[in-house]
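Notes to accompany the following structure.
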Amino acid sequence: MNLSITTWNINSVRLRLPIVEDVLKTVAPDILCLQEIKCQNDEFPADALKALGYGNIIIHGQKGYHGVAIASRLPLTEDHRQDYCGVGDARHISAIFEWGGRRIRIHNFYVPAGGDEPDRTVNPKFGHKLDFIREMRELKAGAEPGVSAILVGDLNIAPLENDVWSHKQMLKIVSHTPVETEGLLDIMREGAWVDLMREHVPADQKLYTWWSYRAKDWAAADRGRRLDHIWSSEDLKANLRGIEILKEARGWEKPSDHVPVTARFSL
DNA sequence: ATGGTAGACGATCTA
């Protein structure tokens, strides 16, 4: 009995619906978690996804910015949207599904990018990001008795040295500053979350999920960052069979700057 | 050291 989950910052689901459909047909995950859908709930292309077998869709949309959604072949129950930092942004949605006799809550996050200046006294967006990840520390993998947990999304932080192309050159760049990387590792440690991508790819190997739109030649420069993540509660670690990062998606026509990341599990 | 691209929206804002 297999289970696969894909996370993808799509940077406008309406503009990129054709490549979403391609991924659903080829990667064919059981559950797709999207971030930056950039539309309101009633604008989400639910019918197109339902036509491909993803009949269970929950959305936390917002006009113009942010927004997250989960499209699933498996029924989703007990869905919840948390307003982190109480600012009304659509950056989180979660629900419970059943697999192999387990109940599993899946969380889909879009953490604030944080602006350019890594100093909250001059850049409120950075302060918002730090407040957001501080609030995420309350979220424990074992929060609900008898319920396993998976946390995915664009966390906008590359926590390890080999999650960026140059650790030294990135230390003062938002997404890899110590206050962010340590903050993310604190969430993992205190919440007993397992970094499934690093279970599968050792920490001494470079691993990226995002390449900037601003590079002249993203593939030649290969200055990527691992901003997208898949975590789980400890009990699911033994069921992990593989991680796939669809790097080729960055080279498609009109790509997102993030690529789909898929975790495959089996019993 | 700097500036570079992308999307939604329609004023720039967010990334």
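Can you pull a Stokes-Einstein diffusion coefficient for the range A:1-120 at 4 °C (1.567 mPa s), Rh from Kirkwood over Cα pairs, as a whole number of µm²/s? Show your work: numbers first, answer last.
Numbers: Rh = 14.8 Å.
Value of D from the Cα-based Kirkwood radius: 88 µm²/s.
Rounded to two decimal places and with Rh computed the Kirkwood way over Cα pairs, what is Rg over Rh for chain A?
Working: Rg = 17.2 Å, Rh = 18.5 Å.
Expressed as Rg/Rh, it is 0.93.
Based on the Cβ-Cβ distance of A:ALA221 and A:LYS172, what FRET efficiency does E = 1/(1 + (r/R0)^6) give at R0 = 22 Å, to the nearest 0.05?
Values: r = 19 Å, r/R0 = 0.88.
Efficiency, rounded to the nearest 0.05: 0.70.
In whole angstrom, note down how far apart the Cα centers of the range A:105-148 and the range A:9-27 are.
25
Please compute the per residue accessible area over the range A:2-266 with all protein chains in place, 1.4 Å probe, rounded to a whole number of Å². Don't skip to the end; give the middle numbers.
Numbers: 11340 Å² over 265 residues.
Accessible surface, normalised per residue, equals 43 Å².
Which is farthest toward the positive dipole end of chain A among A:PHE97, A:PRO112, A:VAL261, measuring Cα position about the Cα centre, with Cβ charges +1 (Lys, Arg) and -1 (Asp, Glu)?
Of the options given, the answer is A:VAL261.
By how many nm would the segment from A:ASP79 to A:ARG214 lengthen if fully extended, with 0.36 nm per residue of separation less the alpha-carbon distance? Please list the in-between numbers first.
On the way: separation 135, 0.36 × 135 = 48.60 nm, distance 3.66 nm.
Contour length minus the Cα-Cα distance gives 44.9 nm.
Cross-link partners among aspartates and glutamates for A:LYS254, C-alpha distance below 14 Å, same-chain residues fewer than 8 apart left out?
Of all the aspartates and glutamates, those that pass the test against A:LYS254 - Cα under 14 Å, at least 8 places apart if same chain - are A:ASP22.
Using only the alpha-carbon atoms, what does the range A:228-267 span along each of its principal axes? Please give whole angstrom values in decreasing order.
Taking max minus min along each principal axis of the Cα atoms, the range A:228-267 gives 39, 15, 9 Å.
Ranked highest first by average number of other Cβ atoms within 10 Å, how do A:49-60, A:209-220 line up? Before the final figure, lay out the partial values.
Details: A:49-60: 18.2, A:209-220: 13.6.
The packing order, highest mean first, is A:49-60, A:209-220.
Suppose R0 equals 22 Å. What FRET efficiency, 1/(1 + (r/R0)^6) with r the Cβ-Cβ distance, do A:VAL201 and A:TRP165 give to the nearest 0.05?
Working: r = 16 Å, r/R0 = 0.71.
Result of the calculation: an efficiency of 0.90.
What FRET efficiency comes out for A:ARG14 versus A:LEU267 if R0 is 30 angstrom and r is the Cβ-Cβ distance? Round to the nearest 0.05. Working shown, then result.
Values: r = 37 Å, r/R0 = 1.22.
Rounded to the nearest 0.05, the efficiency is 0.25.
Which order do peptides A:116-127, A:6-17 fall in by mean Cβ count within 10 Å, highest first? It would help to have the intermediate numbers written out before the result.
On the way: A:116-127: 14.5, A:6-17: 21.2.
Listed from highest to lowest mean packing, they are A:6-17, A:116-127.
Using the structure shown, list the pairs from A:LYS125/A:LYS206; A:LYS140/A:LYS237; A:LYS25/A:LYS206 with a Cα-Cα distance above 25 Å, or answer none. Working shown, then result.
Values: A:LYS125/A:LYS206 28 Å; A:LYS140/A:LYS237 16 Å; A:LYS25/A:LYS206 28 Å.
Pairs exceeding 25 Å: A:LYS125/A:LYS206; A:LYS25/A:LYS206.
In a solvent-free Debye calculation with one equal scatterer on each Cα, what is log10 I(q)/I(0) for the range A:76-195 at q = 0.09, 0.10, 0.16 Å⁻¹, listed in the order of the q values?
Computed log10 I(q)/I(0) values: -0.27, -0.33, -0.79.
Taking the simple approach of a point 7 Å from Cα along Cα-to-Cβ for both A:ALA238 and A:ASP42, what is their distance in nm?
Calculated label separation equals 4.9 nm.
Label A:GLU144 and A:GLU182 with points 7 Å out from Cα along Cα→Cβ: what is the distance between them in nm?
3.4
Starting from the Cα gyration tensor of the range A:118-248, take the square roots of the eigenvalues, sort them a ≥ b ≥ c, and report rounded, prolate or oblate (rounded when a/c is under 1.5, otherwise prolate if a/b is larger than b/c, else oblate). Show your work: numbers first, answer last.
Values: a/c = 2.24, a/b = 1.21, b/c = 1.85.
Oblate is the answer for the range A:118-248, as a/c is 1.5 or above yet b/c matches or exceeds a/b.
The values are calculated or read from the model by the stated rules, or taken from the named source; none is laboratory data. None of the values given here were measured: they were computed from a predicted structure. No Cβ is skipped: glycine too gets one built from the backbone with ideal geometry, and neighbour counts run over all protein chains shown. Note: accessible area is taken over every heavy atom of the protein model, side chains too, but ligands, DNA and RNA are not part of it. Shrake-Rupley method; radii C 1.70, N 1.55, O 1.52, S 1.80 Å.
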